[in-house]
Amino acid sequence: HATLWFEDGNIVVSAKSSKSQRMMLFRVHKSILSNQSQVFSDMFSLPEQSRMLASVYDTWEGLPLMRMHDSAEDVEALLRYLYDPM
């Protein structure tokens, strides 16, 4: 994603576009997601082994890859809100 791809981001979120059926990737920050969302905070606080057993994470360029089942458009809207709630 052009504006939600931060070079210093430490997690990559992927979601499929409902329009083009292509995958969209977002490189973001766990700390931002955790500070703005209790759901993300709880998810990131799970022990590493539990995350691996649940197959929550793959990797992308060495970073954890979190696959979302929501549309890329919905994920983009959520991330934009979490990064700038105003």
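The values are calculated or read from the model by the stated rules, or taken from the named source; none is laboratory data. Please read these numbers as outputs of a predicted model, since none were measured by experiment. With ideal geometry, Cβ positions are generated from the backbone for all residues, glycine too; neighbour counts draw on all protein chains shown. Just so you know, the surface numbers come from the protein's heavy atoms only, side chains and all, with ligands and any DNA or RNA stripped out. Shrake-Rupley method; radii C 1.70, N 1.55, O 1.52, S 1.80 Å.
Inter-label distance, MET23 to ASP58: 0.4 nm, where each label sits 7 Å from its Cα along the C-beta direction. Assign one of three labels to the chain, namely rounded, prolate or oblate, based on the Cα gyration tensor with a ≥ b ≥ c the square roots of its eigenvalues; rounded applies when a/c is under 1.5, prolate when it is not and a/b is larger than b/c, and oblate otherwise. It is oblate, given that a/c is not under 1.5 and a/b is not larger than b/c. Largest GNM mean-square fluctuation among ASP42, ASP58, ASP74, using the chain with Cα springs under 10 Å: ASP42.
Paramagnetic label reach from SER45 (point 7 Å along Cα→Cβ; backbone nitrogen cut-off under 19 Å): within the stretch 1-34, residues 29-34.
Tally up the carbon and sulfur contribution to the accessible surface of the chain as a whole percent, 1.4 Å probe, everything protein left in place. With neighbouring chains kept in place, the figure for the chain is 53 percent. Protein heavy-atom accessible surface, 1.4 Å probe, per residue over the stretch 1-52: 62 Å².
Result for the chain in a Gaussian network model with C-alpha springs under 10 Å: among MET24, MET66, MET43, the largest mean-square fluctuation is at MET43. Amide hydrogen proximity for ASN10: with H placed 1.01 Å from N in the peptide plane, the residues at 5 or more positions away or on another chain lying under 5 Å are VAL28, HIS29, LYS30. Evaluating 6.51 cos²θ - 1.76 cosθ + 1.60 at θ = phi - 60° for every residue in the stretch 21-30, the Karplus couplings come out as 6, 8, 6, 10, 10, 10, 9, 10, 10, 4 Hz, glycine and proline recorded as x.
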